[in-house]
Amino acid sequence: MADEHKLDPQNPEAELQGEAETAGDDLAQRVQVLKEQLAAAQDQALRAAAELHNVRRRAEQDVEKAHKFALEKFAADLLMVVDSLERGLELSDPADEAIRPMREGMELTLKAFHDTLKRYQVEALDPHGEPFNPEQHQAMAMQPSASVEPGSVLKVFQKGYLLNGRLLRPAMVVVSKAE
């Protein structure tokens with residue numbers, strides 16, 4: 001019976017008090033460990049909630065962008081048709097009575113195209129006379145000019161377009177330079 005506790009016959013209360021203090025210290029340590037574990041679990045739960053919120057927000061932004069720019073490729077393909085109609089109108093003679101009905105049809109078709117593009121937030125960039133902006137313009141050539149400031153757009157070969165504020169196609173331009 002080595003496991004039995006031996007009581008001091010002269011002071012049995014002191015021995016019981018020592019055991020109670022040891023048990024109290026063990027409980028205090030256990031309480032402290034449990035508090036630390038609780039704080040760690042709360043921190044982990046807070047981080048998981050924040051991560052979930054961020055994932056939801058990113059998913060909503062991705063869906064919004066997908067809706068906003070879903071027409072990007074389709075609209076870019078239609079721009080060739082608009083360019084062709086504009087070029088056809090530029091090259092045809094408005095005074096020629098033989099082609100007047102065809103020209104009027106082209107003008108109406110072009111107007112319908114422009115209205116449709118505008119309805120879907122596709123905006124034309126016609127930067128003639130504006131300062132060159134490398135984010136929206138593509139310089140095809142530079143030409144000396146005394147009539148405008150260097151770095152201004154002298155001629156527009158092809159209009160640029162924006163879709164919901166995002167560049168769909170840069171404007172192809174000739175930029176002025178100092179003589």
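The values are calculated or read from the model by the stated rules, or taken from the named source; none is laboratory data. Fair warning: this is a prediction, and the values are worked out from it, not measured in the lab. Neighbour counts run over all protein chains shown; Cβ positions are idealised from the backbone, glycine included. Keep in mind that these areas ignore ligands, DNA and RNA; they rest on the heavy atoms of the full protein, side chains included. Shrake-Rupley method; radii C 1.70, N 1.55, O 1.52, S 1.80 Å.
Rounded to the nearest 5, what % of the DSSP beta bridges within the stretch 128-179 are antiparallel ones? Please report the intermediate quantities before stating the final value.
Working: 8 of 15 bridges.
The answer is about 55 percent antiparallel.
Using θ = phi - 60° and the Karplus relation 6.51 cos²θ - 1.76 cosθ + 1.60, list the HN-Hα couplings for the stretch 147-164 in order, rounded to whole Hz, with x at every Gly or Pro. Karplus-based 3J(HN,Hα) across the stretch 147-164 equals 7, 10, 5, x, x, 9, 7, 8, 9, 10, 6, 8, 5, x, 9, 10, 10, 6 Hz.
Placing unit charges on the Cβ atoms only, positive for Lys and Arg and negative for Asp and Glu, gives the stretch 82-160 a dipole magnitude near 140 debye about its Cα centre. The stretch 158-176 and the stretch 32-83 have Cα centres separated by 30 Å. Sites listed here are GluC sites (Glu not before Pro) in the stretch 99-137 whose DSSP assignment is loop and whose Cβ has at most 15 other Cβ atoms within 10 Å: E135.
Taking the DSSP bridge list for the chain and keeping only pairs wholly inside it, about 65 percent are antiparallel. Each label was represented as a point 7 Å from its Cα along the Cα-to-Cβ direction; for E86 and E123 these points are 1.6 nm apart. Residue-wise HN-Hα couplings along the stretch 40-46, as the Karplus relation 6.51 cos²θ - 1.76 cosθ + 1.60 with θ = phi - 60° gives them from phi, are 5, 5, 5, 4, 5, 5, 5 Hz; Gly and Pro carry x. A cut-off of 5 Å between modelled amide H atoms, ignoring neighbours fewer than 5 places along the same chain, links M142 with V175. In the full protein context, the chain carries 75 Å² of accessible surface per residue, based on a 1.4 Å probe and ignoring ligands, DNA and RNA.
If R0 is 41 Å, what FRET efficiency do you get for L167 and A98 from their C-beta distance, rounded to 0.05?
Numbers: r = 40 Å, r/R0 = 0.99.
Result of the calculation: an efficiency of 0.50.
For the chain, which whole percent of the accessible surface, found with a 1.4 angstrom probe, sits on carbon and sulfur atoms? Here it works out to 56 percent. Positive-end ranking of H53, S84, A66 along the dipole of the stretch 47-91, with charges on Cβ about the Cα centre, is headed by H53. For the stretch 119-173, the C-alpha radius of gyration divided by 2.2 N^0.38 Å, with N the number of residues, is 1.17.
Each residue of the stretch 89-95 was assigned a 3J(HN,Hα) from its phi angle through the Karplus curve 6.51 cos²θ - 1.76 cosθ + 1.60 (θ = phi - 60°); the sequence is 5, 5, 7, 8, 8, x, 8 Hz, with glycine and proline shown as x. Separation of the stretch 134-151 and the stretch 87-131, taken as the distance between their Cα centroids, equals 25 angstrom. For G151, the residues whose amide H sits under 5 Å from its own are S176, K177, ignoring neighbours fewer than 5 places away on the same chain, with H placed 1.01 Å from N. With semi-axes defined as the square roots of five times the eigenvalues of the C-alpha gyration tensor, the equivalent ellipsoid of the chain measures 84, 22, 9 Å, largest first. If you sort H128, H137, H114 by accessible surface, 1.4 Å probe, largest first, the order is H128, H114, H137.
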